[in-house]
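For reference, the structure is listed below as structure tokens.
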Amino acid sequence: MFGALALISAASVLAGPAPHVATADFTKVDTTVTMSDGVRIAVTDYTPSGTPPATGWPAVMMFHGLGQTRNSFDISNWSANRVAETYLVPNGYAVVTFDARAHGESGGLFSLDGPRELQDTIELFHWLLARPNIDPNRIGAFGVSYGGGMVWLAAVYGVPFAAIAVAATWTDLREALEPQGLVRAGVVVGFSQSIPQSRYDPSLLPVVQDALSERNTPALQQFFAKRSVRAQLRGFNIPTLLLQGRRDFAFDADQALSAFKLLTGPKRLYLGNLGHTPAANPPDELQYYAGEVEHWFDRFVKRVPSTLGSRSVVLLAEDPWTHNKVHSYVGMPPTRSLTFTFKSSGTLTASGKVVRTTARVPRLETFGAPTVRVSVSSRTGYRHLVAVLSAVRPDGSELVVTDGGAETSTLGRAVRTITLRLPDEITSIPRGSRLRVMLAATSTAQSLQNLVYLNSVPENSTAQIKRVTLTLPVLRKPISPGSRTSRRRPPRSRSRRTRPPA
């Protein structure tokens, strides 16, 4: 498949002077590479100092995030060039970083990891192969967010990387942006504003408009499918390091966990405090997981002994990040499920909300995707339903754990049970907190700052909410520091109804 995609296998370097930096550790050259469609891609080319190995330098391609460049800071003050210069090139790797198409100094139009961006990756890989003193069998790839999505695509479609590392990214784009048929409009709007519309490919804007208008068109589904890899990961055996945020409202932990379970080759998963909002991205943590990336490439690209064991390991950092306090599991961490049932009834209006709250709970740490099962009917129709799960701490402050929604356009007079699958946001909940489930048409009904689900329903919409059941997977043994504000055994859960505003 790789050969079929590589329509033009070698890209050309533009002639002309290029900025050149030499240090004791490496040489750095900024240049441009012309793609097969004539678009120029801005590239930084790093070469270690000294004599290359007999087979040539091991190499790494690096891919930045959406709206970023190879030089701009992304999560945890991460930039492709900074990581290259700090962790990889001084350690004996040739590195190529570049501004993705329609980003930074590169030309072209943006289609969100579409076929043209994939072709760019293939051509840049061949350009790297054509460089002198590069080992063609020892090239790795590291990508963050948007860049991680492209690393996955390139690897699945046959670019022969020796190993890959992906951070804060997706494996199923529809699940990330339109789970259960309901678009996460706030996330889509945020991403769409990262690139000026003047740099959009003509095919992109109608797709964005369809998503925001809740038009579930075949073109939209095809768009998601072409940019997703999860369905193709069973049997994938390229050594893969996954770095994913515990709490990332764009790409939840399950984007990596689901992939990890499917991979058959060497694999390692780090779950930490990195990623998109609301991740804390502590700068000190970058040193830890950049070290993970370096050791991964040492083992599978350089092929030298490393500190990594031979087992497939899941690493889970504490929240908040505490220096090197990372817990290791062979396989998935042990979990258990808690169930809370609320039997009281309530009426949900178009702009209102129905709230159910538990009694106080012990210290908990979620791990896995919660579900909210709702028995509901409607005389008017209720186009979609949103559930926000939060924890009301002992001091009264409210922490959003996760939120999810589903398209419910066929809802009618007969009572139906709808299951809302909420994203997997690994959250530490202090002892003495109360869990709260809010049902509404938008996430802003919980808080005006909760901008995940923005689309409303018609003003005359009402729904009758009956039984609500929350199932919450949690770690058997919480690892993050917990609140000690209450030592009493919590009473059994109870339900409470909050009437919608008049």
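Would you point out the residue of the range 351-365, among those that are within 23 Å of residue 475 (Cβ to Cβ) and among the charged types (D, E, K, R), that is surrounded by the most Cβ atoms within 10 Å (Cβ to Cβ)? Only one residue fits best here, namely 365. Is it fair to say residue 467 is surrounded by fewer than 23 Cβ atoms within 10 Å (Cβ to Cβ), outside any strand (DSSP E or B) and of a type in the set (Lys, Arg)? Answer is no for this residue. Considering 52, 58, the condition of being under 29 Å from the mean Cα position of the chain (by Cα), in contact (Cβ under 8 Å) with a residue 60 or more places away in the chain, within 12 Å of residue 133 (Cβ to Cβ) and assigned by TED's automatic domain parsing to the domain that holds residue 154 is satisfied by 58 alone.
In summary, strands (runs of 3 or more DSSP E) completely within the range 371-434 and bearing 1 or more residues that are without any contact (Cβ under 8 Å) to a residue 60 or more places away in the chain, over 20 Å from the mean Cα position of the chain (by Cα) and under 30 Å from residue 459 (Cβ atoms) occur at 384-392, 398-407, 416-421.
So that you can scan it fast, the table gives a plain yes or no per residue for (1) under 19 Å from residue 342 (Cβ atoms); (2) not charged (D, E, K, R):
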| position | (1), (2) |
| --- | --- |
| 409 | no, yes |
| 412 | no, yes |
| 417 | yes, yes |
| 429 | yes, yes |
| 434 | yes, no |
| 445 | yes, yes |
| 448 | no, yes |
| 453 | no, yes |
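Quick one: would you say residue 117 is under 29 Å from residue 424 (Cβ atoms), touching a residue at least 60 places away in the same chain (Cβ under 8 Å) and touching a helix residue (DSSP H, G or I) at 6+ places or on another chain (Cβ under 9 Å)? Answer is no for this residue. Of all strands (runs of 3 or more DSSP E) completely enclosed by the range 1-88, which ones contain at least 3 residues that are at pLDDT 95 or above, out of contact with any Leu (no Cβ under 8 Å at 6 or more places or on another chain) and over 17 Å from residue 107 (Cβ atoms)? Strands (runs of 3 or more DSSP E) meeting the threshold: 26-34, 40-48, 57-63. Across the range 416-460, the number of residues qualifying as of a type in the set (A, V, I, L, M) and farther than 21 Å from residue 374 by Cα comes to 4.
Take the conditions at pLDDT 95 or above, on the phi < 0 side of the Ramachandran plot and aliphatic (A, V, I, L, M) and apply them to residue 290. Does it pass? Here the answer is no, as residue 290 does not meet what is asked.
Counting only helices (runs of 4 or more DSSP H) that fall entirely inside the range 201-269 and contain at least 2 residues that are under 21 Å from the mean Cα position of the chain (by Cα) and among the polar types (S, T, N, Q), the qualifying elements are 218-226, 253-262.
The values are calculated or read from the model by the stated rules, or taken from the named source; none is laboratory data. Computed from a prediction, not measured in an experiment: that's the story for all the values here. FYI the Cβ positions are ideal-geometry reconstructions off the backbone, even for glycines, and counts take in every protein chain you see.
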